[in-house]
Amino acid sequence: MNLLTVLLSLLPVLSGPDARLQVAFEDTAGQLRYTVAYDGKTLVAPSLLGLQTNEVDYTRLECVSVDTQEGRDTYVLDRIKASHIDHAALCAVLHCQNPDGRKLDIEWHLTANDAAFRYVIPREGETGSVRVLAEASAFRFPEGTTGFLTPQSDAMIGWKRSKPSYEEHYTLDAPLDRRSQYGHGYTFPCLFRVGGDGWVLVSETGVDSRYCASHLSDYDAAEGYTIAFPMPEENNGNGTVEPAFSLPGATPWRTITVGADLAPIVETTIAFDVVTPRYETTRSYRYGKSSWSWIVWQDASMNQADQVAYIDLAAAMGWPYILIDAGWDQEFGHAGMEELVRYARSKGVDVFLWYSSSGWWNDIVQSPVNVMCDPLARKPEMRWMESIGVKGVKVDFFGGDKQETMRLYEAILSDADDHGLMCIFHGATLPRGWERMYPNYVGSEAVLASENMVFGQNHCDLEAMHAALHPFLRNTVGCMEFGGVFLNKRLNRANGAPGPGGRVFGTQRRTTDAAELAVAVLYQNPIQNFALTPNNLTDAPAVAIDFMKQVPTTWDETRLIDGYPGRYIVLARRQGATWYVAAINAGDEPVKLDVKAVEARLGGTARVLSTGKDGLQAAPAPKKPLSIAQNDGAVLVINL
Ligand code: CA
């Protein structure tokens with residue numbers, strides 16, 4: 001470790017641990033800008049730094065001195081893409097001041113492929129708190145850069161006026177100069193391809209009760225994208241869009257992940273490297289697979305017989321959990337739920353219960369409502385849950401990205417941990433480092449998830465595209481509770497059996513069984529609520545059921561083998577001495593998967609689940625490459 005302070009005659013250049021990543025600074029007419037280069041190629045063009053508070057204007061900054069310190073990011077985390085993180089890092093603090101001499105530190109954290117920064121505001125004099133009016137932090141890209149982006153939606157639209165909830169479509173490889181769909185910019189993470197020079201993923205992490213969640217603005221020809229705060233209309237217009245914290249204090253981290261290829265984008269852990277636990281837990285949490293009636297059998301399944309059928313499905317699969325979704329309170333009441341939980345536990349199955357977050361910020365009627373938003377109702381409810389053995393909650397339909405909603409997430413998590421309850425969030429914002437910050441946090445939706453495939457055929461048509469996209473984007477910065485793996489051909493209870501009048505109804509799955517099994521590996525979340533139905537025990541291939549019994553939900557290591565966002569992916573995840581290599585193809589050209597080459601790269605011997613003449617088959621590694629057609633996939637299970 002070396003600690004050095006440099007008095008600047010020139011502005012600093014920060015180098016990542018292997019010196020391929022470089023962050024340089026320049027002073028242009030009193031404004032401070034940074035540039036990110038990798039292998040000598042500029043990936044982020046000179047971009048503004050600074051922010052404006054209600055007390056001080058920090059948008060004109062001079063860098064006075066810099067401290068740098070070499071170190072390592074070393075920690076264990078059991079709920080993300082990798083379990084043991086240990087890599088070199090460079091920490092730097094740029095000591096800056098504005099023209100009035102008011103001080104601001106900009107902290108930088110560099111790994112081999114990541115550059116993250118945040119602003120640290122000191123306490124100077126009597127003023128002990130501050131409101132941030134705007135951040136100038138910008139992200140400009142070289143000419144010809146294209147974006148893989150999803151828009152921030154209008155507020156108070158969609159189902160029961162519950163947006164924004166990070167459930168929008170993506171545009172892929174598109175020029176940057178167009179207006180976003182709603183004119184509010186783009187939600188994190190945002191992926192950019194800088195021509196043939198490399199890739200850049202921009203996101204944020206470390207957001208807690210002391211700030212709002214931010215997103216990127218629409219593109220401005222002069223300054224690029226800037227950090228945008230929530231919209232005033234969110235939370236039904238209530239609550240401020242200007243985050244506030246006490247001094248000294250810091251903003252969340254803005255993260256920039258770069259690579260010559262896509263592997264660093266898929267494998268990055270920067271969202272977790274720079275955050276620390278917000279509280280310690282005395283509990284131990286167990287992750288795993290879960291059955292879930294609502295996804296295919298929908299609201300009509302909130303009854304005794306169907307919930308028992310799904311408890312029995314979980315028991316038959318050896319899965320530790322069932323998620324009992326909306327409306328349980330009206331069907332069973334608390335006394336009835338105690339009985340149902342007792343039955344589930346007698347079968348070795350533990351229970352997650354659904355709640356609305358609301359509240360006064362939307363029109364949700366799915367119940368229970370008005371419990372999770374109110375500490376006076378929430379605390380006794382959680383005591384009750386613990387007393388009957390419930391292990392987790394799924395809380396849905398949050399109000400937006402304002403700081404007060406971040407406070408609600410943190411309050412729910414903190415209270416839940418007091419009662420040994422894990423938390424899943426739906427209708428929710430992107431998690432921003434929460435896997436490391438909150439020991440009982442186990443996943444968020446923040447994606448157009450599996451429910452949309454039940455609601456509309458176009459989402460079934462896009463299923464392979466999404467599976468080839470999210471590992472590069474949404475799921476690389478945080479757990480993603482997608483609720484996938486359908487083995488029904490039709491996504492409803494009848495599963496293709498004719499209904500009244502002989503009509504076959506329901507949306508139709510486009511993917512092969514092999515592709516569905518790949519989804520179980522491609523999407524990472526420590527608790528996986530899978531979309532299997534009780535009939536799959538008899539009507540799905542035995543090979544598929546066996547695989548779904550054994551596939552893990554936690555991983556020691558993740559490696560990108562090959563792929564292009566939205567077209568195809570071959571992704572390897574390891575648990576213990578077993579690699580699971582999942583492939584899916586969304587493009588119309590077949591993808592060649594050389595299993596022998598993958599074996600040579602990872603070691604071990606593969607068992608291959610793929611599509612044969614008669615459907616899903618299991619076989620040893622073929623000598624010739626597998627050919628994976630559109631909407632098809634494969635899984636290699638490689639024992640080391
Ligand atoms: Ca949803």
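The values are calculated or read from the model by the stated rules, or taken from the named source; none is laboratory data. Note that the structure is a prediction, hence the values are computed from the model and not measured. Cβ coordinates were reconstructed from backbone atoms using ideal geometry, including for glycine residues, and neighbour counts include every protein chain displayed. With ligands, DNA and RNA removed, areas are computed over all heavy atoms of the protein, side chains included. Shrake-Rupley method; radii C 1.70, N 1.55, O 1.52, S 1.80 Å.
How many residues does segment 331-346 hold that are within 32 Å of the chain's Cα centre (by Cα) and open to solvent by 10 Å² or more (accessible area, probe 1.4 Å)?
Within segment 331-346, the first condition is being within 32 Å of the chain's Cα centre (by Cα), and the residues that meet it are 337, 340-341, 344-345.
Checking which are open to solvent by 10 Å² or more (accessible area, probe 1.4 Å) leaves us with 345.
Of the residues in segment 331-346, 1 are within 32 Å of the chain's Cα centre (by Cα) and open to solvent by 10 Å² or more (accessible area, probe 1.4 Å).
Can you give me the number of residues within segment 110-132 that are hydrophobic (A, V, I, L, M, F, W, C) and either under 21 Å from the mean Cα position of the chain (by Cα) or under 28 Å from Gly427 (Cα atoms) (or both)? Of the residues in segment 110-132, 4 are hydrophobic (A, V, I, L, M, F, W, C) and either under 21 Å from the mean Cα position of the chain (by Cα) or under 28 Å from Gly427 (Cα atoms) (or both).
Looking at Glu481, is it buried (at least 24 other Cβ atoms within 10 Å of the Cβ) and either within 12 Å of the ligand (Cβ to nearest atom) or assigned by TED's automatic domain parsing to the domain that holds Leu201 (or both)? Considered against the rule, which asks whether it is buried (at least 24 other Cβ atoms within 10 Å of the Cβ) and either within 12 Å of the ligand (Cβ to nearest atom) or assigned by TED's automatic domain parsing to the domain that holds Leu201 (or both), Glu481 comes out as yes. Taken as a whole, the condition of being charged (D, E, K, R), open to solvent by 10 Å² or more (accessible area, probe 1.4 Å) and touching a helix residue (DSSP H, G or I) at 6+ places or on another chain (Cβ under 9 Å) does not apply to Glu435. In segment 151-170, of all residues being charged (D, E, K, R) and outside any loop (DSSP other than H, G, I, E, B), the one that is farthest from the ligand (Cβ to nearest atom) corresponds to Arg161. Across segment 201-228, the number of residues qualifying as within 23 Å of Arg436 (Cβ to Cβ), of a type outside the set (Phe, Trp, Tyr) and touching a strand residue (DSSP E or B) at 6+ places or on another chain (Cβ under 8 Å) comes to 11.
Taken over segment 428-452, residues that are within 16 Å of the ligand (Cβ to nearest atom) and charged (D, E, K, R) amount to 2.
Scanning segment 133-162 for residues that are in contact with a Lys or Arg (Cβ under 6 Å, 6 or more places away or on another chain) and either among the hydrophobic types (A, V, I, L, M, F, W, C) or within 16 Å of Leu430 (Cα to Cα) (or both) gives Ser153, Ile157.
Condition check: open to solvent by 10 Å² or more (accessible area, probe 1.4 Å) and in a helix (DSSP H, G or I). Does Ala411 satisfy that? Break it down into steps so the answer makes sense when it comes.
Numbers: open to solvent by 10 Å² or more (accessible area, probe 1.4 Å): yes; in a helix (DSSP H, G or I): yes.
In short, yes.
Of the strands (runs of 3 or more DSSP E) lying entirely inside segment 238-329, those containing at least 3 residues that are among the β-branched types (Val, Ile, Thr) are 253-259.
For beta carbons closer than 6 Å, sequence separation of 6+ or different chains, a first residue in segment 163-192 that is closer than 19 Å to Ala428 by Cα and a second that is open to solvent by 30 Å² or more (accessible area, probe 1.4 Å) and within 16 Å of the ligand (Cβ to nearest atom), the qualifying pairs are Lys163/Ile157.
Go through (1) over 16 Å from the mean Cα position of the chain (by Cα); (2) away from the ligand (no atom under 16 Å from the Cβ); (3) part of a loop (DSSP other than H, G, I, E, B) one by one and return the number of the condition Gly399 breaks. Exception for Gly399: condition (2). Please pick out the residue among Phe425, Phe455 that is within 21 Å of Lys163 (Cα to Cα), open to solvent by 10 Å² or more (accessible area, probe 1.4 Å) and within 16 Å of the ligand (Cβ to nearest atom). None of the other options fit; the residue is Phe455.
For Phe332, are the conditions met, namely being part of a helix (DSSP H, G or I) and without any contact (Cβ under 8 Å) to a residue 40 or more places away in the chain?
Numbers: part of a helix (DSSP H, G or I): yes; without any contact (Cβ under 8 Å) to a residue 40 or more places away in the chain: yes.
Yes; evaluated as a whole, the condition is true for this residue.
Residues that are more than 30 Å from Phe397 (Cβ to Cβ) and loosely packed, with under 15 Cβ neighbours inside 10 Å do occur in segment 144-163, at least one of them. Of the numbered criteria (1) farther than 28 Å from Ala544 by Cα; (2) among the charged types (D, E, K, R); (3) in contact (Cβ under 8 Å) with a residue 60 or more places away in the chain, the one Glu386 fails is (3). Any residue at all in segment 509-516 that is free of Cβ contacts under 8 Å to residues at least 60 places away in the same chain, open to solvent by 10 Å² or more (accessible area, probe 1.4 Å), assigned to a loop (DSSP other than H, G, I, E, B) and away from the ligand (no atom under 16 Å from the Cβ)? Yes, segment 509-516 contains a residue that is free of Cβ contacts under 8 Å to residues at least 60 places away in the same chain, open to solvent by 10 Å² or more (accessible area, probe 1.4 Å), assigned to a loop (DSSP other than H, G, I, E, B) and away from the ligand (no atom under 16 Å from the Cβ).
Results for (1) of a type outside the set (Lys, Arg); (2) in a loop (DSSP other than H, G, I, E, B), shown as yes or no for each residue.
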position	(1), (2)
Gly71	yes, no
Thr74	yes, no
Leu90	yes, no
Asp100	yes, yes
His109	yes, no
Tyr119	yes, no
Arg123	no, yes
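Pairing residues of segment 104-124 that are over 20 Å from Val200 (Cα atoms) with residues that are in a loop (DSSP other than H, G, I, E, B) and among the aliphatic types (A, V, I, L, M), at Cβ distances under 7 Å and at least 6 apart in sequence or on separate chains, gives Leu104/Leu61; Ile106/Leu49; Ile121/Leu247; Pro122/Leu247; Arg123/Leu247.
Taking the conditions exactly as written (buried (at least 20 other Cβ atoms within 10 Å of the Cβ) and within 16 Å of the ligand (Cβ to nearest atom)), does Glu204 satisfy them or not? Taking the combined requirement at face value, the residue does not satisfy it. Selection over segment 546-565 of residues that are crowded, with 17+ Cβ neighbours inside 10 Å and part of a helix (DSSP H, G or I) gives a count of 2. Among the residues of segment 286-311, write down those that are under 20 Å from the mean Cα position of the chain (by Cα) and of a type in the set (Phe, Trp, Tyr). Answer for segment 286-311, where residues must be under 20 Å from the mean Cα position of the chain (by Cα) and of a type in the set (Phe, Trp, Tyr): just Tyr287.
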